[in-house]
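A quick write-up on the structure given underneath.
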Amino acid sequence: MTARARDERTLRGRVAVIGIGETEYYRHGASPDPEFKLALKAILAACEDAGLDPRDIDGFSSYSDDRSEASRLAAALGTHRLRTATMQWGGGGGGCCAAVANAAAAIVAGLADCVVVFRSLAQGQYGRFGQAAGIHTVSGERSYLMPYGVLAPPQRFAMRVQRYMHEHGVRQDAMCAIALASYHHAQANPRAVMYGRPLDPGKYDASRWIVEPFHLYDCCMENDGAAALVLVSAERASDFRRKPAYLLGAAFGSGHRAAATAHNAPLYATASFDTVAPDVYRMAEIGPSDVGVVQAYENFTGGVVMALAEHGFFRPEDANDFLTFENLIAPSGRLPLNTSGGNLAECYMHGFELVLEAVRQVRGTSTSQARRSDVAMVIGGPMVSPASNLILGSEATL
């Protein structure tokens, strides 16, 4: 491989987000629209935000087996042609950043010029994410868990978090601070499902246990809606309506035998970013101290604790000191977190609303703007495999 070819094996500064869009967010089962229509609405909103003719889209990227197929979307939107269609394999919400990376890679490789990344959910149409009902046969990991009553995601992930808390002395207060910060930011965001419904420590403590160590407010919501963004090459970014947010780095994957069944990974108490976090920093050519604001996927708050530590923002032993309400709120906390409300309080759009909020931070248009927002990180679903992350930056960071 030539030196030039090695230098070109990066996404850094080569692709930009030019438009973002979303539908109204609903409680699970409450959307008046079917899932496909929700996807179209979000994509059209992203095109309007960018000042882009939807017919110029030539690629689609999503994750977690989104049911709105690329060919059908292209036909409904009247695109001139379809050149790329990518689905991130496995990992559920851990793929929310990987889907952006796959779209960016397609543009850099010359496979497409204008790619939409999206996620849509209508749980009234297809059933609730958080329920295990209606399963008649099981295989793989579930066959080791469900016969023993481990049926739902909170049960599966609680064991990993409990182990992490035991090994590093993490207290419940650290997880409470994450929930409080998300709800605090949601009160400034009229789009948030929990807008007008604040959370305080007493309410958190009094909420029922779902499965220890998770209280009700440690767990993500279940929602209907859709979110989308539009990517083009960096050379074209200034041609559109909005301030672009440039992709500085992206990574996905997991460590050695991370998905060994059942709950038998060599590194058990992990958010699955032990190998992925160094990769994203290497591509972005920055370190943790350069990141001004983070959107971290909260399937459960304990996973956020683990993911932030694995991204180098603090040592696991320092989690209790770092993870305080004051440190996690915009504008001037040490690390403003989930500034639109996140999965806990804005919406559970399988994490993709977090990517849109990172774009807003770089643009300077968030409802809870961080003081340092030129570099914004998104951490996809923790404790799954493969997991993913990305870093966005302003033009000044290139």
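The values are calculated or read from the model by the stated rules, or taken from the named source; none is laboratory data. Values in this document were obtained by computation on a predicted structure and should not be read as measured data. Please note: Cβ atoms are built from the backbone with ideal geometry, for glycine as well, and neighbour counts cover all protein chains shown. Quick note on the areas: whole protein, heavy atoms, side chains included, nothing else; ligands and nucleic acids left out. Shrake-Rupley method; radii C 1.70, N 1.55, O 1.52, S 1.80 Å.
The table for this structure:
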{"item": "Failed item, numbered, when residue 57 is tested on (1) more than 30 Å from residue 194 (Cα to Cα); (2) touching a strand residue (DSSP E or B) at 6+ places or on another chain (Cβ under 8 Å); (3) open to solvent by 80 Å² or more (accessible area, probe 1.4 Å)", "result": "(3)"}
{"item": "Test: residue in segment 217-224 that is surrounded by fewer than 19 Cβ atoms within 10 Å (Cβ to Cβ) and either in a loop (DSSP other than H, G, I, E, B) or among the hydrophobic types (A, V, I, L, M, F, W, C) (or both)", "result": "yes"}
{"item": "Number of the exception - residue 314 against (1) open to solvent by 30 Å² or more (accessible area, probe 1.4 Å); (2) assigned to a loop (DSSP other than H, G, I, E, B); (3) under 19 Å from residue 168 (Cβ atoms)", "result": "(1)"}
{"item": "Lone qualifier among 138, 193, 150 - being touching a Cys at 6+ places or on another chain (Cβ under 6 Å) and open to solvent by 20 Å² or more (accessible area, probe 1.4 Å)", "result": "193"}
{"item": "Single unsatisfied condition, residue 318 versus (1) without any contact (Cβ under 8 Å) to a residue 12 or more places away in the chain; (2) more than 23 Å from residue 214 (Cβ to Cβ)", "result": "(2)"}
{"item": "Selection within segment 239-256 - at pLDDT below 95 and either open to solvent by less than 30 Å² (accessible area, probe 1.4 Å) or not in a loop (DSSP other than H, G, I, E, B) (or both)", "result": "255"}
{"item": "Breaking point among (1) outside any helix (DSSP H, G or I); (2) open to solvent by 70 Å² or more (accessible area, probe 1.4 Å); (3) without any contact (Cβ under 8 Å) to a residue 12 or more places away in the chain, for residue 265", "result": "(2)"}
{"item": "Any pair with Cβ under 7 angstrom, 6 or more apart, that starts in segment 347-370 at a residue that is assigned to a loop (DSSP other than H, G, I, E, B) and ends at one that is of a type in the set (Asp, Glu)", "result": "347/353; 348/222; 366/357"}
{"item": "Some residue of segment 361-374 being out of contact with any helix residue (DSSP H, G or I) (no Cβ under 6 Å at 6 or more places or on another chain), buried (at least 24 other Cβ atoms within 10 Å of the Cβ), within 24 Å of residue 247 (Cα to Cα) and charged (D, E, K, R)", "result": "no"}
{"item": "Single residue of 40, 52, 44 found to be among the aliphatic types (A, V, I, L, M) and over 21 Å from residue 224 (Cβ atoms)", "result": "52"}
{"item": "Single residue of 344, 335 found to be in a loop (DSSP other than H, G, I, E, B) and modelled with pLDDT of 95 or more", "result": "335"}
{"item": "Pairs with Cβ under 9 Å, 6+ apart, first in segment 216-232 and polar (S, T, N, Q), second part of a strand (DSSP E or B) and open to solvent by less than 10 Å² (accessible area, probe 1.4 Å)", "result": "223/121"}
